[in-house]
Amino acid sequence: MSRSLVAQVFAEEWPRVVATLRRDWGDLDLAEDVAADAFAEAARRWGPGDSPDRPGAWLVATARRKAIDRARRDRRFAERLPALADHHLREPAQASGLVDDQLALIFGCCHPSLAREAQVALTLREVAGLSTSQIAHAFLVSEPAMAKRLVRAKAKIRSANVPFAVPPPECLDDRLSAVLAVVYLVFTEGHTSTHEATLVRGDLCDEARWLAGLLSRLLPEHSEVLGLVALLAFTDARRPTRIDGDGALVLLEDQDRSRWDRAAIAQGTEVLARAQALGKLAAYQLQAAIAGAHSTAPSLADTNWHGIVMAYDQLLVLGGDQVVGLNRAIAVGMAFGPAAGLRAVGEVAGDGALDDFHYLHSTKAELFRQLGDVAQASASYDRALDLVTNDVEAAFLAARLGSLAAGGDDPSGR
């Protein structure tokens, strides 16, 4: 079996196999273990041109046999053997049931009784199929520490009897918001890493987009799901140009737009149109519209900044937080000038809640720099440098600060 076929089948079938087995046995550990055993057997047995016509069905059947072998040695599962042998091993899963199984797996992994870090880890392990080592590397913890985190999360699921079930319609939106937040958190950590020396973690961006795509296939008529898919596509389209050949940060205004991923932009445009056609205005949909305005503009100057400000206004009406307000202030500065931008920053930051947020101070620094206020710009860059945790961003801020001290407008001397 070729490595490319293994990867393709794994990506497509892992969540389906785990979801089905978890439904069968009611045990996440067992489902994960026998699914992994089935994929390992497939890698050994499937040769070029010798894979089954329905690899997913083969994998489920193989995993079920392995689960039964284990169950015969484990009295906890013995009572389930007759029902499974009589029904599930003969009846293929219907499409609607398979959708419900996968949604139940996702909602279980993102259950509100679990801490956010546990939700992320479980979703990446059980839904995306990442190894414990891969998840540990992604979030900069040791593999043993991540393994303990996953064990604790599964223990919490058992002790609290966390349900793996699709929420009823009246609760779906509330529960889905937590799921989408987990996916978005994975993407934002990949897009601008908080701790890595590297600014962009493409592996996490890819996993988040895959997870969002899975949700859109399971919930194709949900505007917030489609909005998130479009948002991630538009934002990730700029990935190739966000750092230069030396690993340094490149501002939006300096990025080579001809290198942006046109396929991702086209996907974002198509999916956003589908979301808007549903007629329900929602937060991810508005964020996608903002990202789309950036991604489709021919230049920074030709960007529809006034439209972006209005979109941020709508986000705030929907309950956007102070970070949304800060992003709006940046757009205000672009649309109406740096003095207006600083006034908008002041309105957002007046209560001090963002004092330890380095983007607040880097935003103020840039606006003060545009106004020619070197002292205030320098002080703001200093404060941002005290707070930033990413080495690439820190190097950029230090260069900006150095250019002020040297009397230049920016690190390139323009």
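The values are calculated or read from the model by the stated rules, or taken from the named source; none is laboratory data. From a predicted model like this one, the values you see are computed outputs, not experimental measurements. Ideal geometry is used to build each Cβ from the backbone, glycine not excepted, and the neighbour counts take in all protein chains shown. Ligands, DNA and RNA are excluded from the accessible area calculation, which covers all protein heavy atoms including side chains. Shrake-Rupley method; radii C 1.70, N 1.55, O 1.52, S 1.80 Å.
For segment 233-253, what are the residues that are within 22 Å of the chain's Cα centre (by Cα), farther than 21 Å from Glu366 by Cα and in a loop (DSSP other than H, G, I, E, B)?
Ala237, Arg238
Among (1) surrounded by fewer than 17 Cβ atoms within 10 Å (Cβ to Cβ); (2) outside any loop (DSSP other than H, G, I, E, B); (3) touching a residue at least 40 places away in the same chain (Cβ under 8 Å), which single condition is Arg217 missing?
Here Arg217 meets the rest and fails (3).
Check off (1) at pLDDT 95 or above; (2) open to solvent by 10 Å² or more (accessible area, probe 1.4 Å); (3) closer than 30 Å to Ser133 by Cβ for Arg242 and give me the number that stays unchecked.
(1)
Which of the residues spanning segment 143-188 are in contact with a Cys (Cβ under 9 Å, 6 or more places away or on another chain) and of a type in the set (D, E, K, R)?
Arg175
Which residue is surrounded by the fewest Cβ atoms within 10 Å (Cβ to Cβ), if the candidates are limited to segment 245-286 and must be of a type in the set (S, T, N, Q) and out of contact with any Lys or Arg (no Cβ under 8 Å at 6 or more places or on another chain)? Even if it seems obvious, please write down each step before you answer.
Our first condition is that a residue be of a type in the set (S, T, N, Q); within segment 245-286, this holds for 255, 258, 267, 269, 276, 285.
The next check asks that each one be out of contact with any Lys or Arg (no Cβ under 8 Å at 6 or more places or on another chain); those that pass are 258, 267, 269, 276, 285.
On the way: Ser258: 7, Gln267: 20, Thr269: 16, Gln276: 17, Gln285: 26.
Checked segment 245-286; the qualifying residue surrounded by the fewest Cβ atoms within 10 Å (Cβ to Cβ) is Ser258.
Hey, among the residues in segment 166-186 that are farther than 27 Å from Cys205 by Cα and in a loop (DSSP other than H, G, I, E, B), which one's most open to solvent (accessible area, probe 1.4 Å)? If you could, list the steps in order and put the result at the bottom.
Our first condition is that a residue be farther than 27 Å from Cys205 by Cα; within segment 166-186, this holds for 167-171.
Then keep just the ones that are in a loop (DSSP other than H, G, I, E, B); that gives 167-168.
Values: Pro167: 16, Pro168: 59 Å².
The qualifying residue most open to solvent (accessible area, probe 1.4 Å) is Pro168.
Identify the single condition in (1) assigned to a helix (DSSP H, G or I); (2) without any contact (Cβ under 8 Å) to a residue 12 or more places away in the chain; (3) surrounded by fewer than 16 Cβ atoms within 10 Å (Cβ to Cβ) that His137 does not satisfy, given that it satisfies every other one.
With (1) assigned to a helix (DSSP H, G or I); (2) without any contact (Cβ under 8 Å) to a residue 12 or more places away in the chain; (3) surrounded by fewer than 16 Cβ atoms within 10 Å (Cβ to Cβ) applied to His137, the lone miss is (3).
Tell me which of these Val323 doesn't satisfy, since it passes every other one: (1) modelled with pLDDT of 95 or more; (2) under 19 Å from Tyr184 (Cβ atoms); (3) out of contact with any Asp or Glu (no Cβ under 6 Å at 6 or more places or on another chain).
Answer for Val323: the failing condition is (1).
For the structure I just gave you, tell me whether Arg152 is of a type outside the set (Val, Ile, Thr), under 15 Å from Ser113 (Cα atoms) and not in a loop (DSSP other than H, G, I, E, B). Walk me through how you get there before you give the answer.
Values: of a type outside the set (Val, Ile, Thr): yes; under 15 Å from Ser113 (Cα atoms): yes; not in a loop (DSSP other than H, G, I, E, B): yes.
In short, yes.
Among the candidates Pro144, Pro112, which residue alone is surrounded by fewer than 20 Cβ atoms within 10 Å (Cβ to Cβ), closer than 26 Å to Leu98 by Cβ and either out of contact with any strand residue (DSSP E or B) (no Cβ under 7 Å at 6 or more places or on another chain) or of a type in the set (Gly, Ala, Ser) (or both)? Spell out how you get there, then give the answer.
Details: Pro144 fails: closer than 26 Å to Leu98 by Cβ.
On inspection, the qualifying residue turns out to be Pro112.
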